[in-house]
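Engineer: Sharing a structure, written as structure tokens. Questions coming.
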Amino acid sequence: MKRIYMDNNATTAVRPEVLEAMLPFFCEQFGNPSSVHWAGRAVAGAVEKAREQVARLINCSPAEIVFVSCGSKGDDFAIKGTADALRDKGNHIITTAVEHPAVLNTCKFLEKQGFEVTYLAVDCDGMLDLAALEAAIRPQTILISAMWANNETGTLFPIEEVGAIARKHRVRFHTDAVQALGKVPVDVQKANVDLLVVSGHKLGAPKGVGALFIRKGTKLTPLIHGGHQERNRRAGTHNVPAIVGLGLACELAGQELALKMEKVRRLRDRLEQGIFARIPEVKLNGHPTVRLPNTLNVSFAWIEGESLLLNLDLKGIAASSGSACTSGSLEPSHVMGAMCVEITLAHSSTRFSLGPDNTEEEVDYVLEILPPIVQRLRDMSPLYQRHLTCEECSIVKRI
Amino acid sequence: MYTDKVMDHFSNPRNVGEIENADGVGEVGNASCGDIMKIFLKVDDGVITDIKFKTFGCGAAIATSSMVTEMALGKTVDEALQLTNAAVAEALDGLPAQKMHCSNLAADALHEAIKNYREKQK
Ligand SMILES: Cc1ncc(COP(=O)(O)O)c(C=O)c1O
Ligand code: FES
């Protein structure tokens with residue numbers, strides 16, 4: 001059976017050249033980079049090289065990069081570390097309703113600790129309202145946290161404008177750029193970012209490694225109290241092979257960004273146009289144009305997402321869904337909810353996130369497989385039947 | 001995640017559709033999860049002689065719908081009322097823990113359809 005992977009926002013394969021660069025650091029160059037002897041020294045150089053590679057991708061200095069154990073850890077450190085460091089200055093945090101759980105649930109935790117959090121609404125395209133952001137700033141505001149690109153819809157926030165507002169009001173600015181890196185240009189200087197999070201496994205490095213950019217002069221309370229690694233900012237012996245992999249993946253991402261993403265965009269557009277041409281009553285979720293080049297999130301009215309994913313999986317196609325039924329929770333995606341997507345459409349939201357390894361043939365295969373699956377599930381759906389007999393159905397109007 | 005039986009009923013669901021002039025129709029929906037299921041019955045002399053379903057929901061919801069129609073077909077309405085959610089799940093060799101509410105739906109829809117049939121009889 002064909003195997004087609006269109007879930008690159010969930011994770012990516014480790015790139016072969018990245019794996020190759022990592023391999024010597026398991027058995028041959030196994031030293032602890034904190035050791036003074038020959039075994040440690042060789043490895044310390046590799047960690048510092050990786051630091052430079054990550055720094056170059058986002059345009060900061062290497063000393064401003066701290067390696068962490070994943071994207072979630074980076075968000076956790078940025079937010080909780082700020083909350084503690086700036087406790088005397090204020091207790092108010094501004095974030096958005098569509099952040100990744102790594103940010104949202106950290107903010108919810110802080111609410112229980114006495115912090116106040118404003119969750120900014122987004123419009124129906126998932127876009128942030130800058131006037132609302134500025135209006136939410138209070139004297140007690142210590143942090144604005146807004147993601148660079150949304151993982152479910154690919155919608156890109158106006159990060160440079162957010163950064164300008166943060167600077168104007170002298171509020172610290174954190175952005176989760178996990179989905180943006182390797183897909184769109186990211187520059188912490190242009191965007192006035194103070195804290196930025198990178199995750200390895202979304203750009204061809206392994207799972208379980210990430211980086212946090214901490215702008216020079218940004219006070220952050222360490223959360224892991226242990227050894228003196230990372231200049232006392234994050235304790236724990238370095239995961240050297242993974243850090244080496246992250247470094248090379250960032251370097252490659254920088255070199256190939258324009259070329260690869262142009263290809264990915266063409267494929268994504270082919271898929272998007274093909275779906276809308278072949279299947280009636282489909283809704284695009286997310287911003288139509290201000291969006292990651294690889295992401296397509298659509299709802300096929302009248303059907304539920306997990307049953308669609310299972311059918312695609314039976315044909316070898318890997319995608320993902322915002323349906324409650326795939327998450328183990330009882331509610332559909334909070335991102336769909338925040339974008340005023342009608343509830344059954346939210347349950348049907350399906351994300352295709354492409355990568356540079358996808359081909360035109362693969363897109364065409366999906367376009368061939370998808371319409372009969374959607375039709376079969378619609379024929380099985382009590383909502384579809386009701387729609388055919390009821391012209392006034394509210395769901396139709398809301399599409 | 002799903003058993004072979006669930007995947008079989010999901011891929012080849014039995015008794016999909018509607019019955020015109022059904023003797024009983026039952027519909028249940030789990031608003032929070034967003035799944036909706038509808039069952040149509042044909043009853044002759046107290047025996048279920050035809051049964052069809054339509055479902056909006058996940059793989060487990062479709063498989064339990066299909067299974068409950070298969071289990072109820074040929075039974076008397078009294079026997080069909082004895083069918084439990086647990087029995088449906090068991091007939092499918094079990095469901096993942098977080099999916100147990102889908103099997104509630106299937107038996108509930110059947111019971112609703114029988115209730116509707118009985119009301120019509122009065
Ligand atoms: C936007 C965003 N932030 C954070 C994360 C978490 O990253 P990690 O899986 O490395 O913890 C992810 C990945 O799922 C993500 O998409
Ligand atoms: S219908 Fe939602 S989990 Fe089964």
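The values are calculated or read from the model by the stated rules, or taken from the named source; none is laboratory data. Not measured: the values here are computed from a predicted model. Cβ placement follows ideal geometry from the backbone for every residue including glycine, while neighbour counts extend to all protein chains displayed. These area figures cover heavy atoms from the full protein model, side chains too; ligands, DNA and RNA do not enter into them. Shrake-Rupley method; radii C 1.70, N 1.55, O 1.52, S 1.80 Å.
Engineer: Output the relative contact order of chain A, whole-number percent, from Cα pairs under 8 angstrom with separation of 6+ residues.
Structural biologist: Computed over chain A, the figure is 22 percent.
Engineer: Here's something else I'd like to know. Is there a pair in A:Lys49/A:Lys112; A:Lys263/B:Lys99; A:Lys80/A:Lys202; A:Lys112/A:Lys183; A:Lys108/A:Lys263 whose C-alpha atoms are over 31 Å apart, and which pairs would that be?
Structural biologist: Result: A:Lys49/A:Lys112; A:Lys263/B:Lys99; A:Lys112/A:Lys183; A:Lys108/A:Lys263 exceed 31 Å.
Engineer: Further, regarding this structure: Normalised by the empirical 2.2 N^0.38 Å for globular proteins, what value does the Cα Rg of the stretch B:4-121 take?
Structural biologist: 0.96
Engineer: With labels modelled as points extended 7 Å from the Cα through the Cβ direction, what inter-label distance (nm, one decimal) is found for B:Glu90 paired with B:Asp78?
Structural biologist: That separation, rounded to one decimal, is 2.2 nm.
Engineer: Also: Which value in Å does the Kirkwood hydrodynamic radius of the stretch A:16-253 take, with 1/r averaged over all unlike C-alpha pairs and then inverted?
Structural biologist: 18.1
Engineer: Further question on the same structure: Output ³J(HN,Hα) for the stretch A:37-42: one whole-Hz value per residue in order, computed from phi by the Karplus curve 6.51 cos²θ - 1.76 cosθ + 1.60 with θ = phi - 60°, and x for Gly and Pro.
Structural biologist: Residue by residue, the stretch A:37-42 yields 6, 3, 5, x, 4, 4 Hz.
Engineer: Anything losing 10 Å² or more of accessible area from the isolated chain to the full protein assembly: pick those residues out of the stretch B:34-59, probe 1.4 Å, ligands and DNA/RNA ignored.
Structural biologist: B:Gly34, B:Ile36, B:Lys38, B:Lys54, B:Thr55, B:Phe56, B:Gly57, B:Cys58, B:Gly59
Engineer: Got a sec to turn the phi values of the stretch A:103-117 into Karplus ³J(HN,Hα) couplings, 6.51 cos²θ - 1.76 cosθ + 1.60 with θ = phi - 60°, whole Hz, x for Gly and Pro?
Structural biologist: Coupling constants for the stretch A:103-117: 8, 4, 6, 5, 5, 4, 4, 5, 4, 5, 8, x, 7, 9, 10 Hz.
Engineer: What number comes out for accessible area per residue over the stretch A:16-253 if the probe is 1.4 Å? Units Å², please.
Structural biologist: 41
Engineer: How far is helix A:305-314 tilted, in degrees, relative to the longest principal axis of the Cα atoms in chain A, given as a value from 0 to 90 rounded to the nearest 10?
Structural biologist: That works out to roughly 90 degrees.
Engineer: Can you pull the Rg over Rh of the stretch A:100-192, Cα-only, Kirkwood?
Structural biologist: 0.94
Engineer: Relative to the longest principal axis of the C-alpha atoms of chain A, give the angle of the C-alpha long axis of helix A:360-379, reported between 0 and 90° and rounded to the nearest 10°.
Structural biologist: Computed tilt is about 50 degrees.
Engineer: Okay, next question. Would you mind telling me the share, in percent, of accessible area of the protein assembly as shown contributed by carbon and sulfur at probe 1.4 angstrom?
Structural biologist: 53
Engineer: Report the antiparallel proportion of the DSSP beta bridges in chain B as a percent, rounded to a multiple of 5.
Structural biologist: Close to 95 percent.
Engineer: Show the residues, 5+ positions off or on another chain, whose built amide H is closer than 5 Å to the amide H of A:Ser321.
Structural biologist: Hits under the 5 Å cutoff: A:Arg351.
Engineer: List, by residue number, every residue in the stretch A:304-347 with a reduction of 30 Å² or greater in accessible area between the chain on its own and the complete protein assembly, 1.4 Å probe.
Structural biologist: So the qualifying set is A:Glu304, A:Glu306, A:Ser307, A:Leu310, A:Leu314, A:Cys325, A:Gly328, A:Leu330, A:His347.
Engineer: Moving to a separate point now. Of the candidates A:Asp76, A:Asp176, A:Asp88, which one comes out as most mobile in a Gaussian network treatment of chain A with C-alpha springs shorter than 10 Å?
Structural biologist: A:Asp88
Engineer: Okay, next question. Taking the Cα atoms of chain A, what is the range of coordinates along each of the three principal axes, in descending order and whole Å?
Structural biologist: Between the extreme Cα coordinates on each principal axis of chain A lie 75, 52, 34 Å.
Engineer: Now a separate question. Counting only protein heavy atoms and rolling a 1.4 Å probe, how much accessible area do B and A lose on contact, total for both sides, in Å² to 100?
Structural biologist: Roughly 2000 Å² of accessible surface disappears when B and A pair.
Engineer: Explain nothing, just compute: Karplus ³J(HN,Hα) = 6.51 cos²θ - 1.76 cosθ + 1.60, θ = phi - 60°, for every residue of the stretch A:185-199 in order, whole Hz, x for Gly and Pro.
Structural biologist: Karplus-based 3J(HN,Hα) across the stretch A:185-199 equals x, 10, 9, 5, 6, 4, 9, 6, 7, 9, 9, 9, 10, 10, 10 Hz.
Engineer: Follow-up question, since we're still on this one. Relative to the longest principal axis of chain A, what angle (0 to 90°, nearest 10) does the C-alpha long axis of helix A:159-168 take?
Structural biologist: For helix A:159-168, the angle is close to 50 degrees.
Engineer: A follow-up question, please. As a test of understanding, state the convex hull volume per residue of the stretch A:324-375 from its alpha carbons, in Å³.
Structural biologist: In the stretch A:324-375, the Cα convex hull volume per residue is 114 Å³.
Engineer: Can you list residues whose amide H is under 5 Å from B:Asp50's amide H, if they're 5+ apart or on another chain and H is modeled 1.01 Å from N?
Structural biologist: Long-range HN contacts for B:Asp50: B:Lys42.
Engineer: Next question, about the same structure. For A:Arg291, which sequence-distant residues (separation of 5 or more, or a different chain) have an amide H within less than 5 Å of its own amide H, given hydrogens modelled in the peptide plane?
Structural biologist: A:Leu156
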